[in-house]
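See structure below.
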Amino acid sequence: MSVMPSAYRDIIDPLIEVARGLLEQGESLAPIAFVGNLTTGQTTPVVLQTSSEEEKDLSVAAIRQIAELHEADFVFVLMEAWTLPPDKARQFETILERYGSIGASPYAVDSVTFTLETRHGLWVAQCNIKPKGVSKKRRTFTPPNFQHFTDVRGRFADLLPGKDGEGDPPSTLH
């Protein structure tokens, strides 16, 4: 399955538009996860704390607890991030060693990252954030182009609880 099912798009597309609207009004995006159940139609927002490793771990624990409580089918995460341009991506480790972080490097690209974890894998999109017109505060991004992944890992992975008869949740990465 490489095309995201429309049931998920119907839920996340309005969230993406809210994120775009916030940037276009000159606001920043708070890192946030939306934990949802397609059967009940319930979606619960979880504001993520990301300033330390401990806070990230607590945020992941909160997502997992809410996902378990609501028998979640999906977790949609969106956050601003610094990325590297494609021509610098292979130098990732060297850049981290030299500057300490991507954000501190002269190569940092402001972007917004979207991840949708489902029982069918993970869809990921990353959009560069650009100024909106001549404004220095208002920003925007192009529509995300989601790519499907089935076998990836990381801190913000395996957020969904196992369902009866499914065993463990799928291995996914954020």
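The values are calculated or read from the model by the stated rules, or taken from the named source; none is laboratory data. Keep in mind the model is a prediction, meaning the values are calculated, not measured. Positions of Cβ are generated from backbone atoms using ideal geometry, with glycine treated the same way; all protein chains shown enter the neighbour counts.
Does T150 meet the test of being within 13 Å of A67 (Cβ to Cβ) and either at pLDDT below 75 or surrounded by fewer than 15 Cβ atoms within 10 Å (Cβ to Cβ) (or both)?
Against the criterion (within 13 Å of A67 (Cβ to Cβ) and either at pLDDT below 75 or surrounded by fewer than 15 Cβ atoms within 10 Å (Cβ to Cβ) (or both)), T150 does not qualify.
Just for strands (runs of 3 or more DSSP E) wholly inside region 29-106: which have at least 2 residues that are touching a residue at least 40 places away in the same chain (Cβ under 8 Å) and closer than 22 Å to L15 by Cα?
Because the criterion is at least 2 residues that are touching a residue at least 40 places away in the same chain (Cβ under 8 Å) and closer than 22 Å to L15 by Cα, the strands (runs of 3 or more DSSP E) in region 29-106 that meet it are 32-36, 74-83.
Does F141 meet the test of being closer than 20 Å to V60 by Cβ, aromatic (F, W, Y) and either touching a strand residue (DSSP E or B) at 6+ places or on another chain (Cβ under 7 Å) or surrounded by fewer than 17 Cβ atoms within 10 Å (Cβ to Cβ) (or both)?
When the stated conditions are applied, F141 does not pass them.
Of everything in region 114-160, what is more than 26 Å from E55 (Cβ to Cβ) and among the aromatic types (F, W, Y)? Give them in sequence order.
Scanning region 114-160 gives a single hit, F146.
Evaluate region 41-64: report whether one residue or more is crowded, with 19+ Cβ neighbours inside 10 Å and acidic (D, E).
no
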